[in-house]
């Protein structure tokens, strides 16, 4: 009986010592792990202190590599103005610089389109009926006018031209329409939202804008016109004077590039 108790006591002592030894090993590993974590934290902290930081962005600001335009990108920039079609020797009122400026004011879905000369007064005649016949069902267009004083101006019609539906005149268009001047200086006048009198056709004239005064008009023979401050576009007089004599009229439509 005594020998049995003695064996049990020795076994208990051995188990106790083994358990204590295991705890010691675990404690040593925990100490090593915590030391590694602390060391890494200090290294990261010191690295952050050596980097420039932004108060609004605590992440370090790494130096940016300077990018240079590739030859392909330069070629795109040099030829980014619209390609002109159907205008052989008919005369063009817009320079390449003016074309680029106007291209940037177009709705996005038209900015990559080619421009096709739909109507030119010195080719097709100075006549409103001819103008409307050629412009019907052709989609968005840009109308450009040059007066005898050298001013060049016009308007963008965001939909197809429509014939007058009454003697009082017929308004149509959308808020994407606008008017502009090219010479003597480029200015862009978008829709103000004050009314919906974008573009008007009448039996004896066409006009852009409204609200009491037209941004500009052309008579039925495309010989004379008028320009004033309109509520639709909040524009100044686009021509040299409130009444002007016409030199040339062009209407451009948009085609997908080939």
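Bear in mind these aren't lab numbers, they're just calculated from the coordinates by the rules spelled out. None of the values given here were measured: they were computed from a predicted structure.
Please compute the contact order of segment 205-257 in relative form: average sequence separation of alpha-carbon pairs under 8 Å and at least six residues apart, divided by the residue count, as a percent. Once divided by the residue count of segment 205-257, the mean separation gives 27 percent. Each semi-axis of the equivalent ellipsoid for segment 162-231 is √(5λ) with λ an eigenvalue of the Cα gyration tensor; in descending order they amount to 20, 16, 10 Å. Just check segment 127-199 against the gyration tensor rule for me: Cα atoms, a ≥ b ≥ c as the square roots of the eigenvalues, rounded for a/c under 1.5, and otherwise prolate or oblate depending on whether a/b exceeds b/c. Note, shape of segment 127-199 comes out oblate.
By its C-alpha gyration tensor, with a ≥ b ≥ c as the square roots of the eigenvalues, how is segment 141-258 shaped: rounded for a/c under 1.5, else prolate for a/b larger than b/c, else oblate? The shape class here is rounded.
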